[in-house]
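Undergrad: Below you'll find the structure I mean.
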Amino acid sequence: GTVKGDKLHPLQKAMVQMHGSQCGYCTPGIIVSIYGLLANSTKTKDLEEHLDGNLCRCTGYRPIWDAARSLCDDSEEALVKGP
């Protein structure tokens, strides 16, 4: 689909607010991976295994994990709910 009204998806919003993207090279793959996971499971225990194939040289992964974890149902630090 296309962007409607310049509104971000909750996953995109979490990545922006938690600084999960720096250079942008890995961001599309990470966003798609997290979206695919959240479409099937919203548990934090599934995150690590699901993102194993994504490499990021800029963020150190913490902001990416924080953004993804914030969208999980069992997260204590929920920012926004999705997908």
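The values are calculated or read from the model by the stated rules, or taken from the named source; none is laboratory data. Worth saying up front: this structure is predicted, and the values here are computed from it rather than measured. We place every Cβ from the backbone using ideal geometry, glycine too, and count neighbours over all the protein chains shown. For the accessible areas, the whole protein counts, side chains as well, though only heavy atoms, and no ligand, DNA or RNA atoms are used. Shrake-Rupley method; radii C 1.70, N 1.55, O 1.52, S 1.80 Å.
Undergrad: Would you work out what percent of the accessible area of the chain, with all protein chains in place, is carbon or sulfur (probe 1.4 Å)?
TA: 51
Undergrad: Something else: Please identify, among 42, 27, 59, the residue showing maximal mean-square fluctuation in a Gaussian network model of the chain using a 10 angstrom Cα cutoff.
TA: Looking only at 42, 27, 59, the biggest GNM fluctuation is shown by 59.
Undergrad: If each DSSP helix of 4+ residues adds -39,500 (n - 2.57) and the sum is divided by the residues in the chain, what number results at 222 nm, nearest 500 deg cm²/dmol?
TA: Working: 4 runs with 35 residues, N = 83.
Result for the chain, helices only: -12000 deg cm²/dmol.
Undergrad: Only sites in a loop by DSSP and with at most 14 other Cβ atoms within 10 Å count here; which trypsin sites (Lys or Arg not before Pro) in the range 1-76 make the cut?
TA: 4, 7, 43, 57
Undergrad: In Å², what does the accessible area per residue of the chain work out to with a 1.4 Å probe? It would help to have the intermediate numbers written out before the result.
TA: Working: 5490 Å² over 83 residues.
In whole numbers, the chain has 66 Å² accessible per residue.
Undergrad: Now a separate question. Give the dimensionless ratio obtained when the Cα radius of gyration of the chain is divided by 2.2 N^0.38 Å.
TA: Values: Rg = 11.9 Å, N = 83, 2.2 N^0.38 = 11.8 Å.
Here the Cα radius of gyration is 1.01 times the empirical estimate.
Undergrad: Now a separate question. For the chain, calculate the relative contact order in percent as a whole number, restricting contacts to Cα pairs under 8 Å that are 6 or more residues apart. Working shown, then result.
TA: Details: 100 pairs, mean separation 32.6, N = 83.
So the answer I get is 39 percent.
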